[in-house]
Structures are given as C-alpha cells and as structure tokens.
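The values are calculated or read from the model by the stated rules, or taken from the named source; none is laboratory data. Everything numeric in this text was worked out from a predicted model, so none of it was measured. Cβ atoms come from the backbone with ideal geometry, glycine included; neighbour counts cover every protein chain shown. Remember, those area values only see protein heavy atoms, side chains included, never the ligands or the DNA or RNA. Shrake-Rupley method; radii C 1.70, N 1.55, O 1.52, S 1.80 Å.
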Amino acid sequence: MTDTLFTPLRLRDTEIPNRVMVSPMCQYSSTDGYADDWHLVHLGSRAVGGAGIVMTEATAVSPEGRISPNDLGIWSDDHADALAPTAEFISEHGSVPAIQLAHAGRKASIHRPWDGGNPVLEEDGGWTPVAPSAIPYPRDEPAPEVHKLTTDEIQGVIDDFRVAAERALDAGFEIAEIHAAHGYLLHEFLSPVANDRDDAYGGSFENRTRLVREVTDAVREVWPDDKPVFVRISATDWLDDRESWDIEQSVRLAADLERLGVDLIDVSSGGIHPDQQLPNAGPGYQTPYAERIRDETGLAVGAVGGIRTARHADELVRNERADLAIVGRQHLRDPYFALHAAEELGEEAEWPPQYRRA
Ligand SMILES: Cc1cc2nc3c(=O)[nH]c(=O)nc-3n(C[C@H](O)[C@H](O)[C@H](O)COP(=O)(O)O)c2cc1C
C-alpha cells in the first residue's frame with residue numbers, strides 16, 4: 001500500500017494522524033519570553049485546521065538564546081506553565097503538539113523584522129550574542145561584539161537544552177525538535193564558516209558536530225523513550241566557494257543522530273552567511289536533500305520549503321521522498337491547509353462540528 005498525505009505515521013508510541021506538520025515560525029509576539037493568547041489562538045487554529053503536528057516557533061532555552069527580545073522562551077517553570085494551555089489545546093483537537101528548542105547564537109539580539117531587524121542596543125534591552133568563535137554575523141551596520149563560549153559555558157548550553165526539554169515535557173509536548181539549522185548556535189558549531197575553534201568543539205567533523213551530539217544526548221536522556229525527537233538541520237550552507245557545511249556532512253551527521261535516538265531529520269538549508277548562493281528557491285528546492293538523507297540513512301525525514309499545495313505535499317509522501325510535508329508560510333495564509341488538502345485529495349476532512357454548517 002502506498003502511503004499518502006493522510007496515512008498516519010507512528011514514531012515510537014506517538015501516532016501522528018497525517019503527514020502535515022506546521023513548520024516552526026517565529027511570531028515575535030512574546031513579552032519576556034512568555035507564551036500568551038496569541039500563541040494559543042495561532043497554534044490552536046492550526047490544530048483545528050487539521051495539521052498532524054503543530055510545532056511551536058523557535059523557543060529559546062535561555063534569555064540570550066532569543067533572536068529578538070520578543071521571542072518565545074522556556075527558560076523557567078513559569079514559561080513552561082504559560083505554554084501548557086497551548087499544548088493541551090493542540091492535543092485536545094487531535095494534533096500532536098511539538099516544540100522547537102532553540103538558541104540563536106551569534107544571530108541573537110536583533111529587533112523583530114517589522115521593527116527593522118537591526119541589532120538591539122544594550123540600553124534598549126539588547127545583549128552580547130554568544131557563539132563558537134568571536135566572528136560576528138556579517139551585517140550592513142557595524143557588527144556588535146560576539147562572545148566566544150568557553151568550554152564551561154558550552155556545558156551550560158547543553159544543560160539549558162536538557163532542562164528546557166524537561167520543562168517542555170511537563171508542559172505537555174509530545175515531540176521535541178532541536179534547532180540546529182539557519183545559522184543559529186548549533187549550526188554555527190557545525191559550520192567552519194562560523195567555527196574556527198581549535199579545541200574539542202572545532203576543526204574536524206567529529207569536533208564540529210560534538211555539541212549537536214551532546215545536546216541530542218542530553219535531550220534524549222530526559223525525553224521519554226516512547227516519544228520522538230526531531231532535529232532540524234541546514235543540509236547545506238550554499239557556500240561552495242569556501243570551506244562550509246554541505247550535504248555529505250549532513251548525511252554523516254544524520255547517521256550519527258540516528259544512533260543517538262533521533263527519529264526524524266527536518267531538512268532545511270542555509271542561514272549561516274549572507275553570501276549564500278541559493279540556486280533555485282522554487283517549490284521543493286530543499287527536497288532533494290531530504291530525499292538523499294532518507295535514502296542514505298533510512299531515517300525518517302521532513303521536507304520543507306515552498307510547499308503550498310495539497311498535490312505537492314501528497315506527492316512527497318506518495319513517492320517516498322519524505323515522511324512529513326512541513327508547511328510554513330502556507331499555514332500563515334490558510335490555518336485550515338490540512339483540512340482543505342483532505343478535501344482536495346478526496347479524503348475525509350474532519351471539520352470541527354462547530355463549523356460544519358459552512
Ligand atoms: C515568519 C517565519 C518565521 C520563521 N521562524 C522559524 C523558526 O522559528 N524556526 C525555524 O526553524 N524556521 C523558521 N522559519 C522557517 C520556516 O519554518 C520554513 O522552514 C520556511 O519558511 C520554508 O518553508 P515554507 O516555504 O513552507 O514557508 C520561519 C519562517 C517564517 C516565514
């Protein structure tokens with residue numbers, strides 16, 4: 001039997017009702033990292049809309065791990081309490097609640113996009129970004145100072161991810177995703193573009209991937225055996241002109257992560273440097289990377305990038321190119337993407353009874 005977009009997927013003991021996942025998308029709408037009514041309504045609507053997995057935006061494991069001062073966070077029990085009603089609502093409406101655990105690294109402390117996206121000055125509540133090396137992310141305006149993490153501080157980051165995962169579990173999330181993509185902290189360690197360390201966390205493939213492996217180990221240690229862990233990676237830096245992160249290393253890393261108990265690789269790309277050369281950012285441009293990781297490791301993968309239609313999402317699963325169709329911006333346009341997809345594909349669309357008269 002061919003799997004389709006509406007074939008359930010079982011990962012460990014978690015039954016995902018269909019293959020549509022709401023991609024993590026920053027809402028830049030928190031005060032001091034707290035989830036509020038926006039998160040409940042925004043993520044809740046996508047659960048009502050039928051997505052199999054509803055994932056939170058990047059949720060910072062520490063205050064300095066936020067991209068902007070308005071990012072969501074989970075660095076205290078109170079933050080987890082604020083997220084719990086959202087996780088519960090998602091579950092009650094038949095979707096699997098997932099959380100993306102994140103640290104922004106050297107790309108931290110900038111204003112949210114609609115406030116200009118420039119670095120936040122210290123007097124306006126900004127902070128010094130931390131990174132594997134004191135190499136700032138290149139920006140048009142003078143780059144703020146970046147603090148190179150010491151090995152003790154790296155241990156602190158690993159602990160932050162571990163405790164954040166424990167809190168996320170208490171808050172009711174079923175899937176934990178580790179954000180190791182888009183030029184944020186964990187990706188910065190992976191890529192020689194941002195990592196020129198000469199200790200155990202830099203240089204060789206083994207050393208550059210150490211932090212991602214240690215964070216994964218820490219999260220897997222506290223995340224129950226019956227629940228899945230995902231890792232989002234950038235499969236390539238799109239910087240063939242220099243020493244950088246690429247698909248060959250991604251395949252190798254994915255195999256290592258599988259051995260550490262990761263259940264699915266969420267395959268994105270780019271974000272480490274503004275010189276990146278995207279050859280063709282059309283629909284599905286990242287899918288060949290997902291497909292390659294799936295083929296070469298046997299691990300489940302999610303494809304993301306430019307998926308806007310039911311047919312495209314269905315094709316990915318039907319042709320065994322990916323196990324999940326991860327849909328971002330189309331979910332901003334249409335919270336009911338999955339229900340509309342079901343109708344279009346001739347599947348039963350379970351609209352909530354409150355809406356059936358329409
Ligand atoms: C508003 C917005 C916020 C985003 N925030 C995140 C995020 O928090 N974490 C992440 O991994 N990717 C983030 N992304 C990237 C998306 O998850 C997704 O990978 C990207 O938009 C491509 O998918 P799409 O073409 O379906 O939108 C964001 C994208 C958008 C448009």
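Report, by residue number, each residue of the stretch 24-68 that is of a type in the set (Ser, Thr, Tyr), at negative phi and open to solvent by 10 Å² or more (accessible area, probe 1.4 Å).
Within the stretch 24-68, Ser29, Thr31, Tyr34, Ser45 qualify.
If Glu248 satisfies every condition in (1) outside any helix (DSSP H, G or I); (2) modelled with pLDDT of 95 or more but one, which is the exception?
(1)
Across the stretch 102-147, what is the total count of residues that are at pLDDT 95 or above, open to solvent by 40 Å² or more (accessible area, probe 1.4 Å) and at positive phi?
0
Have a look at Pro97, Pro85 and point out the one that is more than 23 Å from Asp159 (Cβ to Cβ) and assigned to a helix (DSSP H, G or I). Spell out the reasoning first.
Numbers: Pro97 fails: assigned to a helix (DSSP H, G or I).
The match here is Pro85.
Output the residue which, of all residues in the stretch 336-348 that are open to solvent by 30 Å² or more (accessible area, probe 1.4 Å) and not acidic (Asp, Glu), is farthest from Ile53 (Cα to Cα). Step through it out loud before you land on a result.
Quick first cut of the stretch 336-348, residues open to solvent by 30 Å² or more (accessible area, probe 1.4 Å) only: 336, 340, 343-348.
Next, from what is left, pick out any that are not acidic (Asp, Glu): 336, 340, 345-346.
Values: Tyr336: 13, His340: 16, Leu345: 19, Gly346: 21 Å.
Here the answer is Gly346.
Scan the stretch 299-329 for residues that are open to solvent by 30 Å² or more (accessible area, probe 1.4 Å) and either within 13 Å of the ligand (Cβ to nearest atom) or without any contact (Cβ under 8 Å) to a residue 40 or more places away in the chain (or both) and jot them down. Outline the logic, then answer.
Step one: filter the stretch 299-329 for residues open to solvent by 30 Å² or more (accessible area, probe 1.4 Å), giving 308-309, 311-312, 315, 318-321, 329.
Selection gives Arg308, Thr309, Arg311, His312, Glu315, Asn319, Arg321, Arg329.
Considering only residues of the stretch 110-127 that are under 24 Å from the mean Cα position of the chain (by Cα) and more than 16 Å from the ligand (Cβ to nearest atom), which is farthest from Ile158 (Cα to Cα)?
Within the stretch 110-127, the first condition is being under 24 Å from the mean Cα position of the chain (by Cα), and the residues that meet it are 110-120, 126-127.
Among the residues that remain, those that are also more than 16 Å from the ligand (Cβ to nearest atom) are: 118-120, 126-127.
On the way: Asn118: 28, Pro119: 26, Val120: 26, Gly126: 23, Trp127: 20 Å.
Here the answer is Asn118.
Please verify whether the stretch 265-277 includes one or more residues that are more than 23 Å from Asp240 (Cβ to Cβ), at pLDDT 95 or above and either more than 20 Å from the chain's Cα centre (by Cα) or of a type in the set (Phe, Trp, Tyr) (or both).
no
So which residues in the stretch 1-21 are within 16 Å of the ligand (Cβ to nearest atom) and more than 15 Å from Leu264 (Cα to Cα), if there are any at all?
Initially, the stretch 1-21 is screened for residues within 16 Å of the ligand (Cβ to nearest atom), giving 5, 19-21.
Within the stretch 1-21, just Leu5 meets the criteria.
Determine whether the stretch 234-251 contains at least one residue that is within 15 Å of the chain's Cα centre (by Cα), open to solvent by 20 Å² or more (accessible area, probe 1.4 Å) and within 15 Å of the ligand (Cβ to nearest atom). Walk me through it before giving the result.
Of the stretch 234-251, the ones within 15 Å of the chain's Cα centre (by Cα) are 234-235.
From what's left, open to solvent by 20 Å² or more (accessible area, probe 1.4 Å): none.
Scanning the stretch 234-251, I find no residue that is within 15 Å of the chain's Cα centre (by Cα), open to solvent by 20 Å² or more (accessible area, probe 1.4 Å) and within 15 Å of the ligand (Cβ to nearest atom), so the answer is no.
Starting from the stretch 57-85, take each residue that is among the hydroxyl-bearing types (Ser, Thr, Tyr) and list its partners that are away from the ligand (no atom under 15 Å from the Cβ), counting only C-beta distances under 6 angstrom and pairs at least six apart or across chains.
Taking only residues 6 or more apart or on different chains, the pairs are Ser62/Trp75; Ser62/Asp160.
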